[in-house]
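The structure appears right after this line, and notes come after that.
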Amino acid sequence: MIPVETIVAAGALEQLCERIRRASRVAIDTEFHAERTYSPRLMVVQIAFDDSVAIVDPLAVAELEPLAEALTHTEVVGHALSSDLKIFADRFDLVPSRVFDTQVAAAFLGYGMQISLMELVRDLRGVRLAKSQTVSDWATRPLSPRQIEYLVDDVAHLLPMQDALVERLREAGRLEWVREECALLGEVERYRMDERRAYLRIPGAARMNRRELGVLRELVRFRDSTAKRRDVPPRYVIPDDVLAGLATLRPKRSEDLAQLRRFDAGARRHYGETILELVARVEALPESDLPERPKRPLGTTRDTLASLMSIIVGEIARTHGIAPGLLVPRAALERVSRELPADADALVAALDLSPWRVELVAQPLQKLLSGGASLAVEGYADGDPKIRLK
């Protein structure tokens with residue numbers, strides 16, 4: 001049975017942080033609640049060493065910045081780490097720079113993009129985890145023995161799994177690919193919201209004209225700052241459909257706000273005056289200061305071109321035994337279809353891929369796009385069809 005320590009005092013946390021700084025690597029997992037707050041609220045942090053596990057209680061030790069700082073001094077191993085690291089990025093503007101994600105690593109070995117921790121532990125360690133506390137209320141104290149067991153299971157296997165994955169990746173010649181991919185998780189900018197583009201995620205934005213988009217952009221900024229100040233989800237301030245309605249209505253007077261059914265009297269009282277000021281400010285902007293409309297759909301021919309490139313990417317992924325989603329995002333292929341890069345260098349620039357991806361996909365795609373190769377189906381009659389680039 002692996003030793004487990006629960007950290008509920010600042011002095012114990014300080015000692016844990018010092019141990020983390022000295023360690024060559026640690027494993028991490030978090031439990032958090034995100035349903036009713038602007039940013040996820042940490043409830044538990046689990047840290048695993050090679051010989052023990054520490055369970056940090058954020059409800060007892062509120063100041064966790066020393067822990068975030070300590071993690072920057074070692075390699076951090078986890079499974080599907082983005083959600084865990086985003087909490088540290090949001091709260092402390094800090095994430096560890098040396099990261100190894102076992103889910104990412106597994107994807108390079110043919111496990112698919114979304115293999116669960118339970119499945120990977122069973123395959124690599126021969127252990128069946130009891131996931132009985134998946135929907136547990138992590139705000140309750142004291143933590144029950146079953147909750148403690150669950151928390152330990154989530155981190156205790158990560159370091160041995162890293163060793164097994166690294167060995168397989170090295171044999172397959174893909175360890176550097178994974179290192180390169182995981183390095184992106186250690187960039188704090190990855191977790192910051194792009195405020196310039198957030199408004200485009202509102203349903204209906206694609207149908208708006210530039211003036212309406214300008215209003216929507218300002219409304220989204222206002223909603224986000226209000227939600228952050230109140231520590232509530234943005235939808236609790238103004239729902240998405242109401243934002244879209246306000247942007248297309250572009251209200252000039254208080255009476256105009258009453259036209260929106262779901263924008264109730266309380267919301268009009270709290271936010272109405274500010275909204276009218278935002279709309280008036282956008283109405284006064286010159287056309288050149290308004291946001292551009294989102295790009296239109298590709299059209300049949302160019303959409304087909306993107307699909308043909310996607311087929312090639314899928315076949316390359318199959319040949320190398322990795323998930324297609326790891327190679328090239330659909331958005332990059334659509335960008336190529338729009339821009340029609342004239343040569344290999346322009347294609348690489350349009351794809352905007354990391355070096356290992358360029359090595360795998362750029363040349364085959366260039367051959368297809370330049371007419372130097374064609375697609376062929378082989379093995380159909382034998383019941384094992386494969387698509388080849390010839």
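Assorted remarks:
- Flag for residue 199 being of a type outside the set (A, V, I, L, M, F, W, C), touching a residue at least 60 places away in the same chain (Cβ under 8 Å) and over 23 Å from residue 31 (Cβ atoms): yes
- Condition check for residue 112: among the small types (Gly, Ala, Ser) and surrounded by fewer than 17 Cβ atoms within 10 Å (Cβ to Cβ): yes
- Qualifying residue in the range 64-78 (condition: among the hydroxyl-bearing types (Ser, Thr, Tyr) and more than 25 Å from residue 317 (Cβ to Cβ)): yes
- Residue pairs whose Cβ atoms lie under 8 Å apart, separated by 6 or more positions or on different chains, with the first residue in the range 353-374 and not assigned by TED's automatic domain parsing to the domain that holds residue 178 and the second outside any loop (DSSP other than H, G, I, E, B) and of a type in the set (Gly, Ala, Ser), are 353/332; 353/362; 362/344; 363/344; 366/344.
- In the range 5-33, residue nearest to residue 148 (Cα to Cα) [restricted to those that are β-branched (Val, Ile, Thr) and touching a Ser or Thr at 6+ places or on another chain (Cβ under 7 Å)]: 26
- Test for residue 127: is it of a type outside the set (S, T, N, Q), touching a His at 6+ places or on another chain (Cβ under 9 Å), in a loop (DSSP other than H, G, I, E, B) and farther than 15 Å from residue 31 by Cα: yes
- Considering the range 341-390, the residues that are among the polar types (S, T, N, Q) and in a helix (DSSP H, G or I) include one that is surrounded by the fewest Cβ atoms within 10 Å (Cβ to Cβ), namely 363.
- Close contacts from the range 3-24, counting a first residue that is over 19 Å from residue 153 (Cα atoms) and a second that is in a helix (DSSP H, G or I), with Cβ to Cβ under 6 Å and a gap of 6+ residues or different chains, come to 17/66; 17/67; 17/70; 20/70; 21/70; 21/73.
- Of the helices (runs of 4 or more DSSP H) entirely within the range 175-275, those holding at least 2 residues that are under 27 Å from the mean Cα position of the chain (by Cα) occupy 175-185, 210-230, 234-237, 240-249.
- Which listed residue, of 237, 232, is among the hydrophobic types (A, V, I, L, M, F, W, C), surrounded by fewer than 20 Cβ atoms within 10 Å (Cβ to Cβ) and under 23 Å from residue 39 (Cβ atoms): 232
- Across the range 276-333, the number of residues qualifying as over 30 Å from residue 386 (Cα atoms) and not in a helix (DSSP H, G or I) comes to 10.
The values are calculated or read from the model by the stated rules, or taken from the named source; none is laboratory data. If you're wondering where the values come from, they're calculated on a predicted model, not measured in any experiment. When we count neighbours, we look across all protein chains shown, and the Cβ atoms used for this are built from the backbone with ideal geometry, even at glycine.
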